[in-house]
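Student: Next up is a structure, given as structure tokens.
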Amino acid sequence: GFRKTKFGRGKVWLNDRVIQMKGYAQRTSNEWPAVGLSVPAWLSDYSNGLMVESNANLVRWMHVTPWKQDVESCDRVGLIQAMPAGDAEKDRQGRQWEQRTELMRDAIIYNRNNPSILFYECGNESISREHMIEMKEIRDRFDPFGGRAIGSREMLDINEAEYGGEMLYINKSKKH
């Protein structure tokens with residue numbers, strides 16, 4: 001269906017309504033006991049649907065990009081996603097940073113047509129202002145009209161980040 005987003009003043013609007021983000025920071029593997037990672041699509045729908053049934057409206061996948069089956073499952077069950085590309089628990093330099101930007105580019109291209117993704121996550125911890133600007137340029141080049149915010153955890157002090165915050169409290173930021 002139709003999706004319109006707006007981010008600012010510490011708020012998220014979805015289809016012209018402010019929503020409070022609440023949900024889970026789920027391991028990207030999203031595996032099940034005795035089954036492991038090779039779950040059928042119906043089990044992804046069941047698992048992600050359990051989050052929705054518990055009153056969640058967001059899943060923040062941890063550290064790496066989720067597999068396409070879970071991305072599409074969230075589209076079906078109506079669960080908003082924060083999609084990371086790859087993370088090293090801190091900012092990086094040189095070739096390691098280049099690999100993260102390449103991974104973000106590829107993850108955006110691969111998943112930009114999935115409406116449940118509202119956030120691109122650049123890191124599990126903060127990154128430098130310069131690196132945030134670089135990630136925004138990647139988003140703007142490969143998903144210029146997707147209506148998605150880009151940021152990172154611990155990024156409330158970087159104006160260029162469009163979101164930030166922590167997993168364990170309500171973000172009281174006036175900007176992000």
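The values are calculated or read from the model by the stated rules, or taken from the named source; none is laboratory data. None of the values given here were measured: they were computed from a predicted structure. A quick note on method: Cβ atoms are made from the backbone with ideal geometry, for glycine too, and the neighbour counts reach across all protein chains shown.
Student: Scan the stretch 79-99 residue by residue and report those that are buried (at least 20 other Cβ atoms within 10 Å of the Cβ) and farther than 25 Å from Ser29 by Cβ.
Tutor: none
Student: What single numbered condition from (1) surrounded by 15 or more Cβ atoms within 10 Å (Cβ to Cβ); (2) among the aromatic types (Phe, Trp, Tyr); (3) more than 16 Å from the chain's Cα centre (by Cα) fails to hold for Trp32?
Tutor: Failed condition: (1).
Student: Please give the number of the condition Thr65 fails out of (1) in a loop (DSSP other than H, G, I, E, B); (2) without any contact (Cβ under 8 Å) to a residue 24 or more places away in the chain; (3) surrounded by 11 or more Cβ atoms within 10 Å (Cβ to Cβ); (4) not basic (Lys, Arg).
Tutor: Answer for Thr65: the failing condition is (2).
Student: Also: Please verify whether Val39 is more than 13 Å from the chain's Cα centre (by Cα) and in a loop (DSSP other than H, G, I, E, B), treating the condition exactly as stated.
Tutor: Yes.
Student: Sticking with this structure for a sec: Return the residues of the stretch 1-29 that are farther than 26 Å from Arg153 by Cα and buried (at least 16 other Cβ atoms within 10 Å of the Cβ); say none if nothing qualifies.
Tutor: Across the stretch 1-29, there are no qualifying residues.
Student: Do we have Arg17 as of a type in the set (Lys, Arg) and closer than 20 Å to Asn114 by Cβ here?
Tutor: When the stated conditions are applied, Arg17 does not pass them.
Student: Right, next: Taking the stretch 117-145 as the search range and keeping residues that are modelled with pLDDT of 95 or more and part of a loop (DSSP other than H, G, I, E, B), which one is nearest to the chain's Cα centre (by Cα)?
Tutor: Asp143
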